1. So which residues in region 107-127 are assigned to a strand (DSSP E or B), in contact (Cβ under 8 Å) with a residue 40 or more places away in the chain and within 17 Å of residue 81 (Cβ to Cβ)?
2. Taking the condition of being touching a residue at least 24 places away in the same chain (Cβ under 8 Å) and assigned to a loop (DSSP other than H, G, I, E, B), how many residues in region 83-106 meet it?
3. Kindly indicate which of 64, 6 is among the hydrophobic types (A, V, I, L, M, F, W, C) and at pLDDT below 75.
4. Being assigned to a strand (DSSP E or B), surrounded by 16 or more Cβ atoms within 10 Å (Cβ to Cβ) and not small (Gly, Ala, Ser) is the filter here; which residues of region 40-70 pass it?
Amino acid sequence: MPLVPFNPFDHKGMFPFDRDLEEIFEVPDKIIPMIPLRKKLFEPAANIYQTKDKVVVELNVPGFKPSDIDITLEDNVLTVKGKMEEKKEEKGKEYIRKEIRVGSFERQMPLPVEVKSEKTVATYEDGILKIEIPKKEAAKKTQVKRIPVKIKKA
């Protein structure tokens, strides 16, 4: 009987269901656009940071019109929704590949601190939606008083 070197990455025959899983994820590009859930999978990338007096959220939403974006703030959770309608196809065009995303998104982001919703400002520039939310004034911090521990002699 010949000796065969062991290869940990060669698992043919060991797990028969692996091949089935691989086939599921190797779906041709032609089929993917036909899946109706694909439009719901888009979630814009976000940066969230804070300064001394505000929380700033930046969302990457190129191609969306500001009028098609809805922003709400409730219970310290920022919700951003957007909708982009598909442009009507012109006659005479036969698409070979159609990758420009259309549809809608919804993104909810809990904020790290208490904020004032009434002073929120949102701007849109170069495909970036920037939302600036002022922080609530924190309760005045009290001075920390150190209390020394005395040693009692017995």
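The values are calculated or read from the model by the stated rules, or taken from the named source; none is laboratory data. Fair warning: this is a prediction, and the values are worked out from it, not measured in the lab. Cβ placement follows ideal geometry from the backbone for every residue including glycine, while neighbour counts extend to all protein chains displayed.
1. Those that are assigned to a strand (DSSP E or B), in contact (Cβ under 8 Å) with a residue 40 or more places away in the chain and within 17 Å of residue 81 (Cβ to Cβ): 107, 109, 122, 124.
2. 5
3. On inspection, the qualifying residue turns out to be 6.
4. Listed by number, the residues that qualify are 54, 55, 57, 58, 59, 69.
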